[in-house]
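Reviewing the structure listed below.
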Amino acid sequence: MLTRIAPVRAVAYWTMTHSARLGDQMPTRSPCAATVRSRFAPIVSPGSGTSEVPEERLSCAIKASTAGRRRVTDTIAVMRTIGLIGGMSWESSAEYYRLLNEETRRRLGGHHCAPSLLLTVDFAEIEQLQRTGQWERSGELLAEAARKLEGAGADLVLLCTNTMHKVADAITDAITVPFVHIVDATARRLTDYRKVGLLGTRFTMEQDFYRDRMREHGIEPVVPDEPDRTLVHDVIYQELTRNRVEPASRAAYRDVMARLVERGAEAVILGCTEITLLVDQSDCAVPLVDSTRIHVETGVELALA
């Protein structure tokens, strides 16, 4: 169980150009404007620092707060539709779907489940593009998936993978509905931590897109040294994405996390959804931060806002 973690807060991100277009199509004042301004200000965008919500961004938030709402009864809460870009791997997508509906039922009770749309891409194609460094092409594929979800009625979009947030900008540029970024959602739950271990694919652990975004929130990520990074990466791709859970790999991950703690990590982020299939809190001396669960909780919070 995580300790010292701040309450979940919904975080959504809009590109200025697309929100401005929405602003042209919508009234500047809406019955929900005050609520949206209160719940989503301030918004932190890459490189822009913290500021109040501009009107053009607010108009997009207003759309997100009104689109898809329908009155059923006075006692039934109605969620907006959550779009999921999945398939990377399907085990990860299944975990997102399970957590999404568990969180919705926890909040609303009864027989509630989350209105959602899931579009899966072929992980074999994505994995090959990752391996060969064709990130631009990967971004094009996921941007197209996001457009399809928006066209089908999604009111916000979650990408069901940590690694592919490397191409998050391509996705946000392709849609007008909010895109919930996993790094920002996770970082905002770590307000009491300054040095945090990070486990994930080699791309997540070694490339700047994830670590630099954590630093924007005042958190210094600590990644495993070699050969631990290779071990963590290989277990993900050779075992967990194939639904194999090996006791020897769990023991190896315990040792990797122990070495991160020795280097000063105050908590450890599980920065790959499949890792939760392998280890749990009993395997680590400091809090484990489940980025997938936090991402889902943030998405549900926004869908209910």
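For region 252-274, the candidate set comprises residues that are touching a strand residue (DSSP E or B) at 6+ places or on another chain (Cβ under 6 Å) and not in a loop (DSSP other than H, G, I, E, B); within that set, the residue that is farthest from Glu239 (Cα to Cα) is Ala267.
Here Ser93 fulfils each of the conditions (1) in contact with a strand residue (DSSP E or B) (Cβ under 6 Å, 6 or more places away or on another chain); (2) farther than 18 Å from Asp290 by Cα apart from (2).
Kindly list, by first and then second residue, each pair from a residue in region 103-127 that is farther than 19 Å from Leu149 by Cα to a residue that is of a type in the set (A, V, I, L, M, F, W, C), limited to pairs with Cβ atoms under 6 Å and residues at least 6 apart or on different chains. Here the result reads Glu103/Val296; Glu103/Val300; Thr104/Cys113; Thr104/Ala114; Thr104/Val300; Leu108/Ala77, each pair linking region 103-127 to a residue that is of a type in the set (A, V, I, L, M, F, W, C).
Kindly indicate whether Tyr210 is touching a Pro at 6+ places or on another chain (Cβ under 9 Å), closer than 24 Å to Ala143 by Cα and aromatic (Phe, Trp, Tyr). Write out each step before concluding.
On the way: touching a Pro at 6+ places or on another chain (Cβ under 9 Å): yes; closer than 24 Å to Ala143 by Cα: yes; aromatic (Phe, Trp, Tyr): yes.
Yes, satisfied.
Of the residues examined, Ala154 is one that is surrounded by 20 or more Cβ atoms within 10 Å (Cβ to Cβ) and out of contact with any helix residue (DSSP H, G or I) (no Cβ under 6 Å at 6 or more places or on another chain).
Of everything in region 218-251 that's in a helix (DSSP H, G or I) and acidic (Asp, Glu), which residue is nearest to Leu277 (Cα to Cα)?
For region 218-251, the residue satisfying everything is Asp234.
Is it the case, given these coordinates, that Asp173 is in the same structural domain as Ile82 (by TED's automatic domain parsing), surrounded by fewer than 21 Cβ atoms within 10 Å (Cβ to Cβ), in contact with a Ser or Thr (Cβ under 7 Å, 6 or more places away or on another chain) and among the acidic types (Asp, Glu)? Yes, satisfied. Consider Leu158 carefully, then state whether it is in a strand (DSSP E or B) and closer than 26 Å to Leu198 by Cα. Yes; evaluated as a whole, the condition is true for this residue.
Checked against (1) touching a strand residue (DSSP E or B) at 6+ places or on another chain (Cβ under 7 Å); (2) assigned to a helix (DSSP H, G or I), Leu190 passes all but a single condition, namely (2). Tell me whether region 201-212 contains one or more residues that are under 22 Å from Ala285 (Cβ atoms), part of a helix (DSSP H, G or I) and not β-branched (Val, Ile, Thr). Yes, because at least one residue in region 201-212 is under 22 Å from Ala285 (Cβ atoms), part of a helix (DSSP H, G or I) and not β-branched (Val, Ile, Thr). Restricting region 95-135 to residues that are more than 20 Å from Ile82 (Cα to Cα) and among the hydrophobic types (A, V, I, L, M, F, W, C), the residue that is surrounded by the fewest Cβ atoms within 10 Å (Cβ to Cβ) is Ala124. Take Thr104 and decide whether it is assigned to a loop (DSSP other than H, G, I, E, B) and on the phi < 0 side of the Ramachandran plot. Answer is no for this residue.
The values are calculated or read from the model by the stated rules, or taken from the named source; none is laboratory data. None of these values were measured; they are calculated from a predicted model. We place every Cβ from the backbone using ideal geometry, glycine too, and count neighbours over all the protein chains shown.
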